[in-house]
Every structure is written in C-alpha cells, then in structure tokens.
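Input: a single structure, listed below in structure tokens.
Throughout, read-outs are computed from the coordinates displayed, never taken from laboratory work. Keep in mind that what you see is a predicted model, and the values were worked out from it rather than measured. Here the Cβ positions follow ideal geometry from the backbone for every residue, glycine too, while neighbour counts run over all protein chains shown.
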Amino acid sequence: MKQAADVIPSRFGQDVANAGLFFRRWMANPLQMGSIVPSSPALCRRIVAQTRVEPGEIVVELGAGTGVISKALLDSGLAPERLYVVEIVRDMADHLRAQLPGANVVEGDARRLPQLIPAEFHGRVGTVVVGIPLVLLPFEEQKRFIDAIRAVAPGRGFILYSYCVTSPLPWKKHGLVARREAWTPRNFPPASVWRYTPA
Ligand SMILES: C[S@@+](CC[C@H](N)C(=O)[O-])C[C@H]1O[C@@H](n2cnc3c(N)ncnc32)[C@H](O)[C@@H]1O
C-alpha cells in the first residue's frame, strides 16, 4: 500500500520540496517543468541507488527544480563540492543555493553543459541525473541535451526518470542502450528510472 509520506514530501523536507514554487513554475511553463510536484522521497531513493561516483569524480544533476534529488544525494553521503546542479530558472537556482550549502549550483541551460561545468571535470563525471522532461521534446532537441552530456561525460550515459511506461527516449535512434533500472508507484505519477548508455 502507498504511504503518503513516501509520495508527498514530509514536513521536514518542505523547505527543499517547496511545492508552491514548483507549482507556480509549472503554471508559468508546463513543458519546461514536466510535472506539477517535486519527485517523491521514494523516487529520490531509487535515483540515489542508481548513482555511481568514484573518488575524484563529480555527480551532475540537470533540471534540479527545488532540489529534492540533490538533497537526497547529499544525505546519502555525497560531498557537496562534488555535486553540480544545473537549473535554468533563476528563482529555482536561488532557492537551490539557499537549500544546498556547499554544492555547486549553476543557473543556466543544460544544452550548454560543457560551458557550465569546469573543464577540469570533463571526463570525470560519475553520473549525470536528468530531470528535464526530454520526453516532451522533439528528437533534435533531445539530441542537443544528449550531445552536451556526451561532451562532459564521454562513454558514461545518463539516468533519466520518467512517468512513461515505455522508454521516454527513442534510444536506438539516439545510438543508446536503454535499461529500466527501477520503478515506484510511490510517486505522483508513478515513475521509472531509466539508464541510457552509448550503444
Ligand atoms: C520535472 S522538473 C524536475 C525537478 C526536480 N529534479 C525533481 O525531481 O523534483 C524539471 C526541471 O528542469 C528544469 N529545466 C527545464 N529545461 C531546462 C534546461 N534547458 N536547462 C536546465 N534546467 C532545465 C525546469 O526548470 C525544472 O526545474
């Protein structure tokens, strides 16, 4: 049975979840947000479980929103200086800076990822977590994000969470291999965690 605390952010996590800010942004630009509420604790746990990082590497999160996944990564023991979060909306980036002390919050467009991540970390990215709703974009736009990820994390691929039952990306056309690593009904809507790696 679903437990409410797993689907809806708890009072304790309210500052990070900031559902009001999230909803306002969804009203302003539903395609850019892709969801009306932040990811649930249950989904965040599954994403953290799929995140790999070796000594000297960083983790990059694209489309961090109000920061629930970033916070879960930090709570799992990731050192804040090894986390780079990219968010295009200024209000959200400001919120993230306040909520994630020590982490690297970059306000910008993830399609420009190579310019947003310091060159010293190119090729030293353990995992890229994608929160941007790529499924809503046409193929050529999806490709711009995938090419940007490939430039900073060659050979690594990325994790993408989605509410789709089938792969949210046409993986063969993108030259990727897709694997559904996890699923949870304890999210609104129920969500899967997909891993895409170069074919
Ligand atoms: C579905 S929300 C995910 C929020 C958060 N990761 C979560 O799980 O609750 C998508 C986020 O991607 C951001 N976004 C959309 N397009 C972007 C882009 N081109 N570059 C960076 N962030 C973007 C939106 O502003 C929004 O915060």
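Quick notes on this structure:
- Of all residues in the range 141-156, those that are farther than 21 Å from L31 by Cα have Cβ atoms under 7 Å from Cβ atoms of residues that are part of a helix (DSSP H, G or I) and within 13 Å of the ligand (Cβ to nearest atom), 6 or more apart or on another chain, in A151/L113; V152/L113.
- Residue match in the range 124-140 (condition: surrounded by fewer than 19 Cβ atoms within 10 Å (Cβ to Cβ), closer than 20 Å to G34 by Cα and of a type in the set (D, E, K, R)): yes
- Odd one out for S35 among (1) over 21 Å from V125 (Cα atoms); (2) free of Cβ contacts under 8 Å to residues at least 60 places away in the same chain; (3) part of a loop (DSSP other than H, G, I, E, B): (2)
- A178 more than 16 Å from the chain's Cα centre (by Cα), surrounded by 14 or more Cβ atoms within 10 Å (Cβ to Cβ) and small (G, A, S): yes
- Number of positions in the range 183-199 that are assigned to a strand (DSSP E or B) and more than 15 Å from the chain's Cα centre (by Cα): 4
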